[in-house]
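In what follows, a single structure is set out as structure tokens and then discussed.
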Amino acid sequence: MEKRYVKLIATKGGSGSESFRVSLPTTWIRSMGLGKNARNLIISFDGKQIIIENNNQENK
């Protein structure tokens, strides 16, 4: 398993709400079969880890 250390990107909306993003390496995205034309993901959270999966059903 490849591991990278990245920073969380925090943004604040006009109404004061916050959102967070993470930049993912292009090589990881491509190896998952994702790209500009296949951008649908399934994300899961178990209270400790966030899991990102390709949503193959929506990306067809």
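Out of MET1, MET32, I need the residue that is surrounded by 11 or more Cβ atoms within 10 Å (Cβ to Cβ) and either touching a His at 6+ places or on another chain (Cβ under 8 Å) or not acidic (Asp, Glu) (or both). Which one? Give the derivation first.
Numbers: MET1 fails: surrounded by 11 or more Cβ atoms within 10 Å (Cβ to Cβ).
When all the criteria are applied, what remains is MET32.
Please enumerate the residues belonging to the range 30-50 that are among the aliphatic types (A, V, I, L, M) and more than 23 Å from THR11 (Cα to Cα). Give the derivation first.
The initial filter retains those residues of the range 30-50 that are among the aliphatic types (A, V, I, L, M), namely 32, 34, 38, 41-43, 50.
Those that are among the aliphatic types (A, V, I, L, M) and more than 23 Å from THR11 (Cα to Cα): MET32, LEU34, ALA38.
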Top-ranked residue of the range 1-41 - restricted to ones that are over 18 Å from ASN55 (Cβ atoms) and among the polar types (S, T, N, Q), ranked as nearest to the chain's Cα centre (by Cα): SER23
Positions within the range 43-58 being more than 17 Å from SER23 (Cα to Cα) and either in contact with an Asp or Glu (Cβ under 9 Å, 6 or more places away or on another chain) or surrounded by 11 or more Cβ atoms within 10 Å (Cβ to Cβ) (or both), in sequence order: SER44, ASN55, ASN56, GLU58
Tabulated pairs, the range 30-57, first within 17 Å of MET1 (Cβ to Cβ), second β-branched (Val, Ile, Thr) and in a strand (DSSP E or B), C-beta under 6 angstrom, 6+ apart or interchain: ILE52/ILE43; GLU53/ILE42
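Report the residue count in the range 19-53 for those that are assigned to a strand (DSSP E or B) and in contact with a strand residue (DSSP E or B) (Cβ under 7 Å, 6 or more places away or on another chain).
Within the range 19-53, the subset assigned to a strand (DSSP E or B) is 19-21, 35, 38, 41-45, 50-53.
Subset that is in contact with a strand residue (DSSP E or B) (Cβ under 7 Å, 6 or more places away or on another chain): 19-21, 41-44, 50-53.
The total comes to 11.
Just so you know, all these numbers are worked out from the coordinates, no wet-lab data involved. Given the structure is predicted, the values throughout are model-derived calculations rather than measurements. Note that we place each Cβ from the backbone using ideal geometry, even for glycine, and neighbour counts take in every protein chain shown.
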